[in-house]
Amino acid sequence: MTSNNIQPKLFRLIDANLNRLKEGIRVIEDINRYLYDNKTISSKLKELRHLAKIDNYLEILPHRDIQNDVLKASVETEMIRENITSLLLANYKRAQEASRVLEEAFKLLDPAKSENFKTIRYELYALEQENLSK
């Protein structure tokens, strides 16, 4: 793929991972808020979710291509969660992986934004340890 036509695909990658990141954080946040009544962790996650934004979202949104997503269908292991801990763990990993993809993608577009997603990723690592080491 030439550099001329990489940007629309890069925007598609950013859109998908921004959604993954925010969705994963929201699941963890709501479990801590509504099931555990943990204001501290819920508040930290809410702050991270609000940090997970980009200025040019409306420029990226048109590049969403759900119809042609080659891995849109869920695999069997994604449909099974044994308990709340496994649900939390799956969503921590989802959010961490998405923040890593965003960190790397933004190295091509905006290195300062790349650092933002790196910060989010490391905060998620710390919160995962705090949240799941009880």
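The numbers here are math on the coordinates, done by the rules we state, and not lab data. Just so it is clear, the structure is predicted and the values come from calculations on it, not from any experiment. In this analysis, Cβ positions are derived from the backbone assuming ideal geometry, glycine residues included, and neighbour counts consider all displayed protein chains.
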Task: Ranked packing of 112-125, 91-104, most packed first, by mean Cβ within 10 Å - done: 91-104, 112-125
- [ ] Using the number of other C-beta atoms within 10 angstrom as an exposure proxy, rank 84, 31 with the fewest first.
- [x] 84, 31
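Quick check for me: using +1 on Lys/Arg Cβ and -1 on Asp/Glu Cβ, what's the dipole size of segment 3-132 about its Cα centre, in debye to the nearest 20?
Numbers: 21 positive and 21 negative charges, 29 e Å.
Dipole about the Cα centre, nearest 20: 140 debye.
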Task: Amide H partners (placed H, <5 Å) of residue 38, local residues excluded - done: 33
Task: Cβ-based charge dipole, segment 3-132, positive-most Cα from 105, 32, 87 - done: 105
TODO: At a temperature of 20 °C and a viscosity of 1.002 mPa s, determine how fast segment 3-132 diffuses translationally according to Stokes-Einstein, using the Kirkwood radius over alpha-carbon pairs as Rh; express D in µm²/s, rounded to the nearest whole number.
DONE: 138
TODO: Please tell me the relative contact order of the chain in percent, rounded to the nearest whole number, where contacts are Cα pairs under 8 Å and at least six residues apart.
DONE: 32
Open item on the list: What does the extension gain come out to for residue 80 and residue 34, with contour length at 0.36 nm per residue minus their alpha carbon separation?
Closed with: 14.4 nm
Task: Angle between the chain longest axis and helix 3-30 axis [Cα atoms, degrees, rounded to 10] - done: 10
TODO: May I ask for the angle, rounded to the nearest 10°, between helix 84-106 and the longest principal axis of the chain, with both axes built from Cα atoms and the value confined to 0 to 90°?
DONE: 30
Task: In order through segment 117-134: 3J(HN,Hα) via Karplus (6.51 cos²θ - 1.76 cosθ + 1.60), integer Hz, x for Gly, Pro - done: 6, 5, 4, 4, 4, 5, 5, 5, 4, 5, 5, 4, 5, 5, 6, 9, 9, 8
